[in-house]
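The values are calculated or read from the model by the stated rules, or taken from the named source; none is laboratory data. In this text, all values refer to a predicted model and were calculated from it rather than measured experimentally. Note that each Cβ is placed from the backbone with ideal geometry, even for glycine, and that neighbours are counted across all protein chains shown.
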Amino acid sequence: MTSKELSRYETITKLIDRQINGSAAAKQLILTVRHIRRLKSKVKQFGAKGLIHRNRGKSSNRRIDQKIIAKAKIFLKNYYSDFKPTFASEKLTERHNIKLGREKVRQIMIEEKLWKPKPKKQNKEYRTWRPRKEYYGEMQQFDGSYHHWFEDRAPEFCLLASIDDAASQITQAEFVKHEGVKPAFAFWHKYAETKGKPVSIYLDRHSTYKINSKPLFDDPKALTQFERAMKDLDIQVIHAYSPQAKGRIEKLFGTLQDRLIKELRLAKINTVEEANRFLQESFIPKFNQKFAVLPAKKRDLHRKLTKIDTTNLDKIFSEQNIRMVNNDFTIRLKGQWFQLCETQPTLVLRKSKVMIEEHLNGKLFISLKNKYLDYTVLPQRPQKVIKMCVTGLTRQKQTWQPTTNHPWKKPFIFSDKFKTKVEEKQLALAN
């Protein structure tokens, strides 16, 4: 008997011995008078055992069949030994039609030594979470995670992913080789075309997104290629100073490194192409259906691309570098030489500063005054030109040349105007 039942037995015996009445017993045990009468009759009939619940010691009518538990143990050992209890219970239901609760699976895994229960948190430090944004599309948390996503079936890859701050919804994810400028540009080029422009992007201070050298760290004019592209699209870039600041995307990668790896293993996927297709068609919709939440307000703050944005989207998501035109009208970029053609859509002079755009498809464009210049790629470094007759490149070829006695070729000191000015000064001094 429990201590509660023993105390009840003492009160009921006093009631039977007429030391107290039914109302006093009801107040002592915090029960109704009617219930006290039932307990009194049971004690008279069965003694102290009458207060013990009759189902005690018996198996429950809703007990899980031991055959089902035995099957679950076999599947857990063979297929889900490194799964967490929640994910393992989902897979047992999805793949084997064994419906067991998360807690029951956890107990089985602890019993079979497949799961070690976590100790209670000793640190009682209080932390507060930044409140979510109210609207979908108001902020996207973005980051890349290097990991052995295919385990030993393929080398390490980087997973670029963005999650909406208001809805905890994966808006886009893609496997790439590295977290460089071109993969980030390709990611957001696709995002802008499909979903539009978010209000802001929250990310870390990786060298792709932020200039970290001390002289330029706080210079607002010193922008990376990524910051320049986002500025052209009017998207605010916010840099986090700790992983906890962008905890939603960090938590997402923690979940994906557990669930996504095992999903790729079960689907027998070993290549990046298959994995990216699996992400879009299967994994992301199921993940969002299970883990996404409703934003505080219904409106979507993604902005559609304007006509100017659509026209210049390839230009915006291109690596842009400024170079100076040499005296022989050649330009150098990354060890490669380019020769400007003789006819150009605009005037090109020596020492002119031109913009070289390297698009995502690998094509190079050289622009000056918002006009693209014509050029040829040189196989090697050009020889040094001692005297260049051409002063500039224009729309038409320069066929006319001044004669030897043309005023342009005469020094200013021997010109008639200079002689008259000298004579006038001499006369003024004489007078």
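Values for this structure:
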item	result
Options Glu103, Glu94, Glu90: the member that is closer than 30 Å to Ile261 by Cα, of a type in the set (Asp, Glu) and surrounded by 13 or more Cβ atoms within 10 Å (Cβ to Cβ)	Glu90
Close pairs (8 angstrom Cβ cut-off, 6 or more residues apart or separate chains): in contact (Cβ under 8 Å) with a residue 12 or more places away in the chain in the stretch 204-220, surrounded by fewer than 11 Cβ atoms within 10 Å (Cβ to Cβ) anywhere	Arg205/Tyr241; Ile211/Asp219
Residues within the stretch 106-119 that are surrounded by fewer than 18 Cβ atoms within 10 Å (Cβ to Cβ) and either touching a strand residue (DSSP E or B) at 6+ places or on another chain (Cβ under 8 Å) or not hydrophobic (A, V, I, L, M, F, W, C) (or both), tallied	8
Candidate set: the stretch 291-340, residues that are of a type in the set (A, V, I, L, M, F, W, C) and over 34 Å from the mean Cα position of the chain (by Cα); chosen: the one surrounded by the fewest Cβ atoms within 10 Å (Cβ to Cβ)	Met324
Pair list, Cβ under 8 Å, 6 or more apart: the stretch 393-409 residue at pLDDT 70 or above, other residue among the acidic types (Asp, Glu) and surrounded by 10 or more Cβ atoms within 10 Å (Cβ to Cβ)	Leu393/Glu342
Of the criteria (1) out of contact with any Ser or Thr (no Cβ under 9 Å at 6 or more places or on another chain); (2) in contact (Cβ under 8 Å) with a residue 60 or more places away in the chain, which one Pro155 fails	(2)
Filter result (among the hydrophobic types (A, V, I, L, M, F, W, C) and within 18 Å of the chain's Cα centre (by Cα)) within the stretch 243-271	Ala245, Ile249, Leu252, Phe253, Leu256, Leu260, Ile261
